[in-house]
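The values are calculated or read from the model by the stated rules, or taken from the named source; none is laboratory data. Fair warning: this is a prediction, and the values are worked out from it, not measured in the lab. Don't worry about glycine lacking a Cβ; one is built from the backbone with ideal geometry, like all the others, and counts go over all protein chains shown. We work out accessible area using only protein heavy atoms, side chains counted, and drop any ligands, DNA or RNA first. Shrake-Rupley method; radii C 1.70, N 1.55, O 1.52, S 1.80 Å.
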Amino acid sequence: MDSKCKNILQTLLSTSIQWDCPLSAHTSFGIGGPVEALVKVMNVDELMQVMEFVSEHKISWRVIGRGTNILVNDKGFNGLALVLAGDFKDYSFDEYGETTDVKVGAGAALSRLSSLCIERGLAGIEFAMGIPGTVGGAVLMNAGAWGGAIADILQGVELVSAGNIREYTREEVQFGYRSFNVAGDTQFIVTSAVFRLSKADPQRLRQISMEYQHKRKKSQPPGRGCAGSIFKNPEGASAGRLIEECGLKGEKIGDAEVSTQHANFIVNKGQATAEDVLQLMEKIQEEVHRKHGVLLEPEVHVW
Ligand SMILES: Cc1cc2nc3c(=O)[nH]c(=O)nc-3n(C[C@H](O)[C@H](O)[C@H](O)COP(=O)(O)OP(=O)(O)OC[C@H]3O[C@@H](n4cnc5c(N)ncnc54)[C@H](O)[C@@H]3O)c2cc1C
């Protein structure tokens, strides 16, 4: 972007743009080169103006939530990384008899939302306790755990794409295993979601969520320095088990290590680069393919 473009972009926003911002500070992996501009948008008006600007000037853009499921390459990203803040963290509850619709902004933290719902005696989103990341990232990934997933509770979603803002019902969107799509749209921003939850005893929900968190603590490394599951589970199998059976726990390239706690996690032991992680992923894929004849598909999004 030339300096004129940079100045215009800044005038559209109520917060300061971070230029050449290292994305390592915005990803749970702690890995990633700089993005040309890290842009915090506080409301739909700002977002629509930024989208008009990027489309007019043909500037590349991406959305970053909490960066808990992305691996950013070492050279970084030339363009804009959009962060949804301000109004995009709001939520409201609408009760309809035995069910309640929770409308929540895409920038809100998923785990915090889950905890709020549990305290209000709303069931359906307990699976999300402990999944780091935003609501927008969770919709895009169809995040899930313990047999539950976003697709089970999503009632509707609001998206911004090609300069338009539109609400979609659950029937109009497609979910897959850790994926979400809208026909005809390849790049869009989730701005809010509506989750339909049912009434339940808060004490019981608290107990279930504590069990989930206990299991998580026992089986996974803590969130810093990793990006959750690196590979999707193949049909009927566990990626972690397949990797472990290849004897790859503890395998290292540079400072990237296959977690000794959970083989489907790669951990940044300090100064790992994206290249280290990518090489380790390739090694895992080769070994698993050789031993089990299965090609593991990455779950983590590589930028
Ligand atoms: C310790 C740990 C445990 C985890 N456990 C689980 C688990 O149990 N289950 C699970 O499913 N995942 C898990 N994850 C992965 C991750 O937390 C989830 O996928 C989460 O939903 C990602 O949210 P995020 O805001 O961090 O998204 P990011 O990582 O920032 O982004 C992920 C993708 O979504 C896109 N995106 C983000 N926000 C938006 C938006 N508003 N609109 C459009 N696109 C958007 C990004 O461009 C990117 O392509 C775990 C991760 C860690 C580090």
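Accessible area per residue of the stretch 8-87 at 1.4 Å probe, in Å²? Walk me through the intermediate numbers first.
On the way: 3540 Å² over 80 residues.
Heavy-atom accessible area per residue stands at 44 Å².
Where a ≥ b ≥ c are the square roots of the eigenvalues of the C-alpha gyration tensor, would you call the chain rounded, which needs a/c under 1.5, or, failing that, prolate if a/b is larger than b/c, or oblate? Intermediate values should be presented prior to the final figure.
Working: a/c = 1.84, a/b = 1.08, b/c = 1.70.
Oblate, since a/c reaches 1.5 and b/c is not below a/b.
What is the gain in length, in nm to one decimal, between K199 and S179 on full extension, counting 0.36 nm per residue of separation less the C-alpha to C-alpha distance? Can you show the working numbers first?
Details: separation 20, 0.36 × 20 = 7.20 nm, distance 2.79 nm.
Gain on extension, K199 to S179, equals 4.4 nm.
Please report, in debye to the nearest 20, how large the charge dipole of the chain is about its Cα centre when each Lys and Arg carries +1 at its beta carbon and each Asp and Glu carries -1 there.
It comes to approximately 800 debye.
Once neighbouring chains are kept in place and the probe is 1.4 Å, which whole percent of the accessible area of the stretch 8-87 is contributed by carbon and sulfur? Could you put the intermediate results ahead of the total?
Numbers: 1680 of 3540 Å².
For the stretch 8-87, the apolar C and S fraction of the accessible surface comes to 48 percent.
Is the stretch 8-87 rounded, prolate or oblate when judged by the Cα gyration tensor, a ≥ b ≥ c being the square roots of its eigenvalues, rounded requiring a/c under 1.5 and prolate requiring a/b larger than b/c?
Working: a/c = 2.07, a/b = 1.55, b/c = 1.34.
Verdict is prolate for the stretch 8-87.
If the only charges are +1 at each Lys and Arg Cβ and -1 at each Asp and Glu Cβ, what is the size of the charge dipole of the stretch 239-302 around the Cα centre, to the nearest 20 debye? Walk me through the intermediate numbers first.
On the way: 7 positive and 12 negative charges, 40 e Å.
Dipole of the stretch 239-302, to the nearest 20 debye: 200 debye.
Work out the charge dipole of the chain with +1 on the Cβ of Lys and Arg and -1 on the Cβ of Asp and Glu about the Cα centre, then indicate which of F88, A149, H289 is farthest towards its positive end.
Comparing the listed Cα positions along the dipole, H289 ranks first.
Per residue of the chain, what 222 nm ellipticity follows from adding -39500 (n - 2.57) for every DSSP H run with n ≥ 4, rounded to the nearest 500? Walk me through the intermediate numbers first.
Values: 8 runs with 88 residues, N = 303.
Only helices count here, giving -9000 deg cm²/dmol.
Where in the stretch 75-179 are there GluC sites (Glu not before Pro) that are in a DSSP coil and have at most 13 other Cβ atoms within 10 angstrom of their Cβ? Working shown, then result.
Values: sites: E95, E98, E119, E126, E158, E167, E171, E172; in loops: E98.
Those satisfying the criteria are E98.
Just to confirm the filter: which GluC sites (Glu not before Pro) across the stretch 208-303 are DSSP coil and have at most 13 other Cβ within 10 angstrom of their Cβ? Walk me through the numbers on the way to the answer.
Numbers: sites: E211, E235, E244, E245, E251, E257, E275, E282, E286, E287, E299; in loops: E235, E251, E299.
Hits after loop and neighbour filter: E235.
In debye, nearest 20: dipole of the stretch 3-140 around its Cα centre with unit charges on the Cβ of K, R (+) and D, E (-)? Can you show the working numbers first?
Details: 11 positive and 15 negative charges, 122 e Å.
The calculated dipole for the stretch 3-140 is roughly 580 debye.
In nm, what is the difference between 0.36 nm times the number of residues separating W146 and I165 and their Cα-Cα distance? Before the final figure, lay out each step's value.
On the way: separation 19, 0.36 × 19 = 6.84 nm, distance 3.30 nm.
Difference between extended and current length: 3.5 nm.
Over 20 Å between Cα atoms, which of K6/K40; K89/K215; K217/K249; K232/K283; K89/K232 qualify?
Working: K6/K40 14 Å; K89/K215 28 Å; K217/K249 18 Å; K232/K283 16 Å; K89/K232 29 Å.
Result: K89/K215; K89/K232 exceed 20 Å.
For the stretch 192-250, which whole-number percentage of the solvent-accessible area (1.4 Å probe, protein heavy atoms only) is attributable to carbon and sulfur atoms? Before the final figure, lay out the partial values.
Numbers: 1630 of 3410 Å².
Roughly 48 percent, rounded to a whole number.
Taking 0.36 nm per residue of separation and subtracting the Cα-Cα distance, what length does fully extending L295 through D255 add?
On the way: separation 40, 0.36 × 40 = 14.40 nm, distance 2.44 nm.
Residue separation times 0.36 nm, minus the Cα-Cα distance, leaves 12.0 nm.
For the chain, which span is the longest to avoid every loop-located (per DSSP) member of trypsin sites (Lys or Arg not before Pro) having at most 11 other Cβ atoms inside 10 Å? Present the calculation step by step, with values, prior to reporting the outcome.
On the way: sites that count: K58, K75, R224.
My reading of the result: 76-223 is the longest stretch.
What is the Cα centroid distance between the stretch 46-93 and the stretch 267-297, reported in whole angstrom?
If you average the Cα positions of each part, the centres end up 28 Å apart.
So, for the stretch 90-219, what is the accessible surface per residue at a probe of 1.4 Å, expressed in square angstrom? Don't skip to the answer; put the middle values down first.
On the way: 6170 Å² over 130 residues.
I get 47 Å² per residue for this part.
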